[in-house]
Amino acid sequence: MYENEFSQRLAQLRNQKGVSARDMSLSIGQNPGYINNIESGKAMPSMACFFYICEYLNISPSEFFDVKSKNPEKLNVLIENLKLLDETQLENISSIVNGLIKK
């Protein structure tokens, strides 16, 4: 992932969470313009700050870089809920999902 892709991914995930760049910056203990500077390509986070960003977004670092996952936070919630289902319920959900992705 290149720097511009990193910036775009951060903006996408932050917007999905519905928070401003300023609020996110302050929430992770940075100055008000910190996230904006990253999203505009003026700066890159340190490794420690990257982990704080992921924690704030409720995702793992690998989920941050998985650009195929459009909304990893919601996907994590869905997976946790799927773990509560029995085998028949999982088969039914699987059939629904397979029907949705077929074109």
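Structural remarks
- Considering residues of region 32-59 that are polar (S, T, N, Q) and at negative phi only, the residue most open to solvent (accessible area, probe 1.4 Å): Asn36
- Odd one out for Ile59, checked against (1) farther than 24 Å from Leu78 by Cβ; (2) in a loop (DSSP other than H, G, I, E, B): (1)
- Residue match in region 1-17 (condition: open to solvent by 90 Å² or more (accessible area, probe 1.4 Å), outside any helix (DSSP H, G or I) and touching a residue at least 40 places away in the same chain (Cβ under 8 Å)): yes
The values are calculated or read from the model by the stated rules, or taken from the named source; none is laboratory data. Just so you know, these numbers come straight off a predicted model, no measurement behind them. Counting neighbours? That spans all protein chains shown, and the Cβs are built from the backbone with ideal geometry, glycine included. For the accessible areas, the whole protein counts, side chains as well, though only heavy atoms, and no ligand, DNA or RNA atoms are used. Shrake-Rupley method; radii C 1.70, N 1.55, O 1.52, S 1.80 Å.
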